[in-house]
Structure formats: C-alpha cells, structure tokens
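For reference, the structure discussed in these notes is given below.
The values are calculated or read from the model by the stated rules, or taken from the named source; none is laboratory data. Everything numeric here is computed off the predicted structure, so don't read it as measured data. Note that each Cβ is placed from the backbone with ideal geometry, even for glycine, and that neighbours are counted across all protein chains shown. Ligands, DNA and RNA are stripped out before the accessible areas are found, and what is left, the full protein with its side chains, is counted by its heavy atoms. Shrake-Rupley method; radii C 1.70, N 1.55, O 1.52, S 1.80 Å.
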Amino acid sequence: MKLIHTSDWHFGMPIGTGSYEDSQRYFLHHLYDLIRREQVEAVLCAGDIYDSGVVGADAIALYNDAATTLCGKLGVQLIAIAGNHDSAARLAVCRELLKPAGLHVTGRLEREIQPVMLSGGQVAVYPLPFFGRDEVIALYPEEREHIRTYEEAMALVCDKIRATMNPNCRNILMAHAFVVDAELSESDRSARVGYATAVSQEVFRGFDYVALGHIHKPQIIDRHIRYSGSPIKYSFGSEEQQEKGVVLIDTDTMTQTFVPLPLLRDRKTVTGTYDELITRTDLAGDYLRLQVTDRYPGLELLSDLRQRFPYLLELAGKSLEESESLTALSVEELERMDETDIMLKFMAENFGYDPTEEQLTLFREVLAWSQEEGDKG
C-alpha cells in the first residue's frame with residue numbers, strides 16, 4: 001500500500017492581519033490530486049495541524065474540510081498526532097466516534113500506545129504525539145529514576161512500543177520531535193528555544209519508518225527517519241530555497257519518495273533600487289521581503305510598494321544612521337499601529353526627534369475632533 005507523510009500544516013497561522021488560508025487550500029488541492037493519482041490509502045500528519053491551541057473559526061473550518069475530503073470523499077485513512085502548537089484536547093475531541101470514519105487522532109500520550117492497523121493488518125502505525133518529560137513520569141511512575149532527561153523519556157516510550165510490536169508487520173512510528181543535528185529554518189521558532197527536548201536518532205531504532213514532524217525543512221535524518229517538512233514556506237532566509245512537498249511511502253518495498261508540490265505563493269527576498277523594484281512584473285503574487293538600497297524604509301514607501309506588491313511582508317532600506325546597513329520595517333508592525341504610533345514614526349523618520357507632550361496632546365485633540373466629525377457625517 002502507499003502512504004503519504006506530511007506535517008506542520010499550521011492552519012490559522014497569521015500573516016499580518018490575514019492568514020495563509022489560500023496557500024494552505026492550494027496545498028490541500030494538490031495533495032488530493034496526488035492521492036488520486038498514486039492511489040494512496042492513508043495520510044500520516046505528524047503534528048502541528050494548527051498554529052496554536054486557540055485558533056479562529058476559519059482554521060477549524062479548513063481542518064474540517066481537509067478531514068472530510070480525505071476520509072469522506074477520497075476514502076483515505078487520516079492518522080494525525082498533536083504537535084506542540086496544537087491543543088491536544090481540542091484536536092482529539094470525539095476521537096473514538098471518528099475512528100470508524102477513518103479519522104484517527106491522538107492528542108495526548110497514553111501508557112498503552114495502540115497502533116492503527118492498515119493493509120489488512122500488515123502495516124502498524126504507532127501515533128506518538130508531542131509530550132513532556134513529566135507526562136512520561138506520570139504514566140510510568142515505576143520508571144521515575146530512569147527518566148531524568150527528555151531523551152530518556154522518549155527512549156522509554158519507544159522501548160515500550162518496541163516490546164509489543166509485531167516483527168512480521170511494517171512498523172511505522174509517527175512523532176513530533178526535534179532530532180539532534182536536524183537543520184532548522186527561521187520559522188522553527190519553537191525548536192530553537194526548546195533545544196532541551198532534542199533527542200538523538202538512536203531512540204528511533206528498530207522501526208521500518210519514522211514519520212517526523214516539528215522541523216519545517218524536508219530532510220532525511222537516517223535512511224528510515226525523515227521529516228516531511230511544512231507544505232508552505234513560513235519564513236524568509238534559508239526556507240526560501242527549500243522545495244516543499246510530501247513523502248510518498250510504498251510499504252511493500254519501504255521505498256520513500258519526496259514529491260514536490262507547487263506553491264500558490266513563493267517566498268522571496270529581492271534587493272534593488274526603487275526604480276528597479278517598482279518595474280518588476282513577476283513578483284506581485286509572492287510573499288516578499290524587499291530591500292530598497294536607495295530609499296529609507298518609511299511608511300510612505302511601504303504604502304507605495306504595497307499597492308504594487310500586495311503580499312509585501314517586510315521592507316528594508318537605507319539606515320537613518322550613516323552606515324551601509326539596511327534597516328527593516330515589518331508590514332505586520334505597521335498593521336498593528338494606531339494613529340499615534342504612525343505619527344510618532346513619521347516624526348522620527350522626517351524630523352529625527354520625538355514630539356513633546358504638548359504636541360502629543362494637540363495631536364490627540366485634533367484626532368478626537370476628526371473622529372467626532374466623521375461620526376456626524
């Protein structure tokens with residue numbers, strides 16, 4: 001049978017005051033096409049379906065659409081685990097009720113990890129959600145003295161699985177974890193601050209395949225241990241050069257093939273003068289970080305460029321100080337500014353100083369008057 005390994009969808013991730021929903025729906029559309037083309041029987045999503053434990057209605061609707069299409073319309077088994085960004089309890093609601101429909105969700109770690117059996121019992125998929133060391137201690141109090149580090153916690157859990165798994169099956173482990181020496185992207189913010197939870201690849205020995213989530217760059221850790229990566233480019237920097245897609249697994253031969261999937265919007269950093277950039281006609285549909293070498297990155301320039309490049313996310317330009325470096329202005333920061341914030345930045349950019357309290361008071365009075373007049377009209 002054929003399986004697809006994917007992870008880190010991050011539904012509900014904000015981008016300024018908007019979201020990545022159109023790009024995520026585009027990914028799902030091509031995922032469905034691949035499933036039909038390759039006659040895939042199961043999709044393994046290794047965590048971080050959502051970007052946070054509390055997401056909006058649009059993100060929940062997107063997940064509902066994906067699960068309904070996969071399990072209902074395509075007849076595919078969807079096996080998902082909670083990542084560190086997910087709310088384990090919310091994600092796994094009604095899990096027993098949904099299993100007969102083909103949706104298998106594991107939110108929290110359990111003492112007895114039961115596999116999802118596929119292909120008439122020939123393939124066993126062990127779902128291992130993101131967990132903390134204290135959770136393992138609570139589940140296995142008799143092993144407390146052997147669980148001093150996160151690696152020891154992960155090794156114990158995997159040992160418990162290995163002790164019960166059938167060697168005559170294809171045994172596949174799903175986990176949301178940071179493996180030592182995995183290459184990070186700028187969007188791997190949680191992994192960067194959580195290095196204490198890193199584990200060695202040795203804890204995953206003995207499995208025919210380990211489907212990992214958590215790290216956004218697709219990469220092979222070992223011949224049978226792999227990150228599928230995120231399907232969208234969620235950051236600038238090294239992630240701009242990554243190819244995004246999913247891993248196709250044939251359980252008969254255990255061959256793995258990374259299948260690139262097209263992006264609705266690429267992510268690019270582009271450098272040039274204002275005149276060079278403003279004449280570009282090939283960038284309007286991409287997520288952009290523009291570096292304008294001959295202009296200061298003020299609000300007026302940002303507004304001007306956004307009219308031509310609607311997905312401009314970050315603007316860098318000449319520094320106000322006498323140096324060759326560029327200074328950046330985030331569109332997300334701009335969209336969070338109120339009228340007073342904008343006035344303060346305008347004063348700093350154009351006059352090089354902050355307004356006095358008297359000037360601030362006058363500005364607020366004029367602003368209040370303007371709003372009152374607007375309400376009357």
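Residue under question is Gly102, and the condition is that it be at positive phi and in contact with a Cys (Cβ under 7 Å, 6 or more places away or on another chain); does it hold? Give the derivation first.
On the way: at positive phi: yes; in contact with a Cys (Cβ under 7 Å, 6 or more places away or on another chain): yes.
The answer is yes for Gly102.
Quick check on my filter: what residues within segment 249-264 are under 22 Å from the mean Cα position of the chain (by Cα) and either surrounded by fewer than 18 Cβ atoms within 10 Å (Cβ to Cβ) or among the aromatic types (Phe, Trp, Tyr) (or both)?
Thr257, Phe258, Val259, Pro260, Pro262, Leu264
Which one is farthest from Leu305 (Cα to Cα), of the residues in segment 265-279 that are open to solvent by 50 Å² or more (accessible area, probe 1.4 Å) and assigned to a strand (DSSP E or B)?
Out of the qualifying residues, it is Lys268.
Could you please find all residues in segment 198-248 being free of Cβ contacts under 8 Å to residues at least 24 places away in the same chain and either polar (S, T, N, Q) or open to solvent by less than 30 Å² (accessible area, probe 1.4 Å) (or both)?
Listed by number, the list holds a single entry, Gln241.
Restricting to segment 172-197, and then to whatever is surrounded by 20 or more Cβ atoms within 10 Å (Cβ to Cβ) and not hydrophobic (A, V, I, L, M, F, W, C), can you tell me which residue is modelled with the lowest pLDDT?
Asp188
Out of (1) closer than 23 Å to Asp222 by Cβ; (2) outside any strand (DSSP E or B); (3) touching a helix residue (DSSP H, G or I) at 6+ places or on another chain (Cβ under 8 Å), the odd one out for Arg111 is which?
(1)
Just for segment 287-302: of the residues that are under 22 Å from the mean Cα position of the chain (by Cα) and either open to solvent by less than 20 Å² (accessible area, probe 1.4 Å) or among the hydroxyl-bearing types (Ser, Thr, Tyr) (or both), which one is farthest from Pro218 (Cα to Cα)?
Among those that are under 22 Å from the mean Cα position of the chain (by Cα) and either open to solvent by less than 20 Å² (accessible area, probe 1.4 Å) or among the hydroxyl-bearing types (Ser, Thr, Tyr) (or both), it is Leu288.
Using the structure shown, decide if Ser323 is at pLDDT below 65 and more than 17 Å from Val270 (Cα to Cα).
It is true that Ser323 is at pLDDT below 65 and more than 17 Å from Val270 (Cα to Cα).
Of the residues in segment 1-52, how many are over 19 Å from Val246 (Cβ atoms), out of contact with any strand residue (DSSP E or B) (no Cβ under 6 Å at 6 or more places or on another chain), assigned to a loop (DSSP other than H, G, I, E, B) and open to solvent by 30 Å² or more (accessible area, probe 1.4 Å)?
2
Can we say Ala155 is in contact with a strand residue (DSSP E or B) (Cβ under 7 Å, 6 or more places away or on another chain), of a type in the set (A, V, I, L, M, F, W, C) and either at pLDDT 95 or above or closer than 29 Å to Ser119 by Cα (or both)?
no
Scan segment 282-307 residue by residue and report those that are assigned to a helix (DSSP H, G or I) and closer than 22 Å to Ser19 by Cβ.
Matches in segment 282-307: Leu302, Ser303, Leu305, Arg306, Gln307.
Look through segment 94-112, keep the residues that are hydrophobic (A, V, I, L, M, F, W, C), under 23 Å from Lys2 (Cα atoms) and open to solvent by less than 40 Å² (accessible area, probe 1.4 Å), and return whichever of them is nearest to the chain's Cα centre (by Cα).
So the residue we want is Val105.
Examine segment 59-67 for a residue that is buried (at least 19 other Cβ atoms within 10 Å of the Cβ), closer than 27 Å to Gly206 by Cα and touching a residue at least 12 places away in the same chain (Cβ under 8 Å), and state whether such a residue exists.
Within segment 59-67, not a single residue is buried (at least 19 other Cβ atoms within 10 Å of the Cβ), closer than 27 Å to Gly206 by Cα and touching a residue at least 12 places away in the same chain (Cβ under 8 Å).
Do you know which residues across segment 68-77 are open to solvent by 10 Å² or more (accessible area, probe 1.4 Å), hydrophobic (A, V, I, L, M, F, W, C) and not in a loop (DSSP other than H, G, I, E, B)?
Of everything in segment 68-77, just one residue is open to solvent by 10 Å² or more (accessible area, probe 1.4 Å), hydrophobic (A, V, I, L, M, F, W, C) and not in a loop (DSSP other than H, G, I, E, B), namely Cys71.
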